[in-house]
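The values are calculated or read from the model by the stated rules, or taken from the named source; none is laboratory data. Keep in mind that what you see is a predicted model, and the values were worked out from it rather than measured. Every residue, glycine as well, gets a Cβ built from its backbone with ideal geometry; the counts of neighbours run over all protein chains shown. These area figures cover heavy atoms from the full protein model, side chains too; ligands, DNA and RNA do not enter into them. Shrake-Rupley method; radii C 1.70, N 1.55, O 1.52, S 1.80 Å.
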Amino acid sequence: MKERKDIDYSFNDFSFSTIGKAKIEGTISDDSDSIFTPNQYLLKDVKTLSGSQYGIDKTFSFRGRFTEQAQNGDRINAKGRVERVEYKGKTYYY
């Protein structure tokens, strides 16, 4: 379980915008946050199979069913919304 002291941001630090949908495949490079809800997997060697192409390098899910479904080194497919996330002056695509 993460403690509050382990989190250095608040929800209001972020701005989210849905910009499309995509299907991707990639290799899990960091699964350390896969046990939490929301869960997160960092990716490498990502290939966009269909939809928006924005250099996605991580996946998020607020669904508990996706916790601990993949491990470091696994090659996965993912499909869903692509969101532009602005955080501290930088833009990311998830």
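The table below gives the values:
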item: Residue pairs meeting the criteria (Cβ under 7 Å; at least 6 apart or on separate chains; first hydroxyl-bearing (Ser, Thr, Tyr), in segment 56-72; second assigned to a loop (DSSP other than H, G, I, E, B)); result: Thr59/Tyr94; Ser61/Pro38; Thr67/Ser34; Thr67/Ile35; Thr67/Thr37
item: Test for Arg84: is it part of a helix (DSSP H, G or I) and either over 21 Å from Asp13 (Cα atoms) or open to solvent by 50 Å² or more (accessible area, probe 1.4 Å) (or both); result: no
item: In segment 22-33, residue farthest from Gln69 (Cα to Cα) [restricted to those that are in contact with a Lys or Arg (Cβ under 7 Å, 6 or more places away or on another chain) and open to solvent by less than 50 Å² (accessible area, probe 1.4 Å)]; result: Ile24
item: Test: residue in segment 61-69 that is modelled with pLDDT under 95, open to solvent by less than 40 Å² (accessible area, probe 1.4 Å) and within 15 Å of the chain's Cα centre (by Cα); result: yes
item: Leu42 vs. criteria under 11 Å from the mean Cα position of the chain (by Cα), open to solvent by 40 Å² or more (accessible area, probe 1.4 Å) and not basic (Lys, Arg); result: yes
item: In segment 1-21, residue most open to solvent (accessible area, probe 1.4 Å) [restricted to those that are assigned to a loop (DSSP other than H, G, I, E, B) and free of Cβ contacts under 8 Å to residues at least 12 places away in the same chain]; result: Met1
